[in-house]
Amino acid sequence: MMANHLRHELNKADWEIDIIDEREEHHYQPGYLFLPFDIYKPEDIIKSIKEFIPKGVRLLTDQIEMIDAKQNVVKMQNGDQLHYEILIIATGAKIAPEEVEGMKGAEWQKSVFDFYTFEGALALRNKLREWEGGRLLVHITEMPIKCPVAPLEFSFLADSYFKHKQMRDKVEIVYVTPLSGAFTKPKATEKLDHLLAEKNIKIESDFAIAEVDNANKKIIDYGGREISFDLLVTVPTNKGDELMERSGLGDDLNYVPTHKATLQSLAYENIFVLGDASNVPASKAGSVAHFEAEILTENILRFIKGEPLKEEFDGHANCFIETGNGKALLIDFNYTHEPVEGSFPFPGIGPLRLLQQILINHMGKLAFRWI
Ligand SMILES: Cc1cc2nc3c(=O)[nH]c(=O)nc-3n(C[C@H](O)[C@H](O)[C@H](O)COP(=O)(O)OP(=O)(O)OC[C@H]3O[C@@H](n4cnc5c(N)ncnc54)[C@H](O)[C@@H]3O)c2cc1C
């Protein structure tokens, strides 16, 4: 997004734009939600990154070893060094199951799975195809996580999936969260708690996990509370890339301290941060990165001209929540405003409806893979 915006705005004779990514393939991460339920196939999710690179932008495929922010240099694994005038960090967030004792133990990918990685979602698909039922826990380790609604969507889709396989009566679904309700925002929580109850999904709240006991197949929290499972689908701790730790640029979870309204790094004025890599208190979602990119483009152009940056990013997030049976909810909120009811993107016209479970919202969610 940034390369596309900036290549249009910046003179080619004055500005070179490089993108460095360690992967050759772009993964459409929202698709990981659909893979376990055989709704998407691997080829629906993975594309070559090259397809997305605009003309006049160079793509370098390598891991970044280190950012030397004092010298304005990026060091790559192959030994190359690149000098920069402006650096945009967009290294995202990834799962760190090793943060919880026993999570990546003997049962990992046997009866303990994640769906936040391609490998995890695929292994879970294979497990679900043959699973005969029992107690399924859908679990969040700690916040913040990417797409905070994805585990709820997983629970709703699991309900539909097992109904479709005519084995819903053989599966007990329990939603286990460190929060005190289904979501971080009270208004949406009310609606989502109700939906969980309607679909006979139990909720275990305020659960701060300390350990996965592989031998006895249970999770244990810091207060000694225990919940047993036959199948545990967990969202492990999410962290920024270790590159931030190596470069001295990250906080405790390797997120980059960032001004929440300008998206400039708090430590270096020529570094900007987009998407999941920052520590801004917005949701970690593709929609957020999209809204950020508009403001960040303007601020980078201002920075180049020596003008003051605009404090305009308001934490705008927009999430489709799959509720199963071909329907979805849509929520829209920001740093200060709770999700509201109404229509989106055009007030009064829609066509999407906020906080309502309807088919058109589901179509909207599916359309995003193409967009
Ligand atoms: C299961 C799931 C469902 C989701 N559903 C939704 C949804 O419905 N709606 C929504 O808006 N969002 C959703 N998201 C969140 C969305 O995918 C992310 O918020 C979005 O991808 C963030 O974009 P990003 O550019 O910040 O990071 P990423 O897309 O994660 O990109 C980071 C890039 O940095 C590269 N990289 C990292 N470290 C290095 C390094 N050291 N050297 C070189 N390259 C490096 C990686 O290879 C990667 O290509 C979902 C996420 C998951 C996991």
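The values are calculated or read from the model by the stated rules, or taken from the named source; none is laboratory data. Everything quoted here is computed from the prediction, not taken from an experiment. When we count neighbours, we look across all protein chains shown, and the Cβ atoms used for this are built from the backbone with ideal geometry, even at glycine. Accessible surface areas use protein heavy atoms only, side chains included; no ligands, DNA or RNA. Shrake-Rupley method; radii C 1.70, N 1.55, O 1.52, S 1.80 Å.
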**Request:** Only Lys, Arg, Asp and Glu count, each charged at its Cβ (+1, +1, -1, -1), so figure out the dipole size of the chain about its Cα centre, rounded to 20 debye.
**Result:** 1140
**Message:** Could you compute Rg(Cα) / (2.2 N^0.38 Å) for the stretch 1-93, with N its residue count?
**Reply:** 1.28
**Request:** In Å and from the alpha-carbon atoms only, list the Rg and Dmax of the chain.
**Result:** 21.3, 66
**Item:** Most to least accessible of F333, F346 (protein chains only, probe 1.4 Å)
**Value:** F346, F333
**Message:** Roughly how far apart, in whole Å, are the Cα centres of the stretch 301-371 and the stretch 256-292?
**Reply:** 18
**Message:** For a quick check, take a GNM of the chain with Cα springs below 10 Å and name the residue from D169, D251, D314 with the largest mean-square fluctuation.
**Reply:** D169
**Request:** Among L59, L152, L196, determine the one that fluctuates most according to a GNM of the chain built with springs between C-alpha atoms less than 10 Å apart.
**Result:** L59
**Message:** Taking the Cα centre as origin and putting +1 on Lys and Arg beta-carbons and -1 on Asp and Glu beta-carbons, what dipole magnitude results for the stretch 199-287, to the nearest 20 debye?
**Reply:** 320
**the stretch 289-371, dipole about Cα centre (Lys/Arg Cβ +1, Asp/Glu Cβ -1), debye to the nearest 20** = 380
**Request:** Would you look at the GNM of the chain, springs on alpha carbons closer than 10 Å, and say which of K327, K163, K70 moves the most?
**Result:** K70
**Environment charge at T177 (Cβ cut-off 12 Å; Lys +1, Arg +1, Asp -1, Glu -1)** = -4
**Asked** Considering only DSSP beta bridges with both partners in the chain, what is the antiparallel share in %, to the nearest 5?
**Response** 55
**Asked** How big is the gap, in Å, between the Cα center of the stretch 68-91 and the Cα center of the stretch 5-19?
**Response** 17
**Request:** Could you bin all the Cα-Cα distances of the stretch 296-339 into 5 Å bins starting at 0 and give me the percent of pairs in each, rounded to whole numbers?
**Result:** 6, 18, 16, 12, 13, 12, 9, 7, 5, 2, 1
**Request:** Would you list which lysines come within 26 Å of K47, measuring only between C-alpha atoms, while excluding same-chain residues fewer than 8 positions from it?
**Result:** K55, K94, K127, K146, K239, K284, K365
**Complete:** With the charge dipole of the stretch 126-182 built from beta-carbon charges (+1 for Lys and Arg, -1 for Asp and Glu) about the Cα centre, the Cα from V149, V171, L137 projecting farthest to the positive end belongs to V171
**Fill in**
Ranking W15, Q63, H194 by how far each Cα lies towards the positive end of the charge dipole of the chain (+1 on Lys and Arg Cβ, -1 on Asp and Glu Cβ), the top one is H194
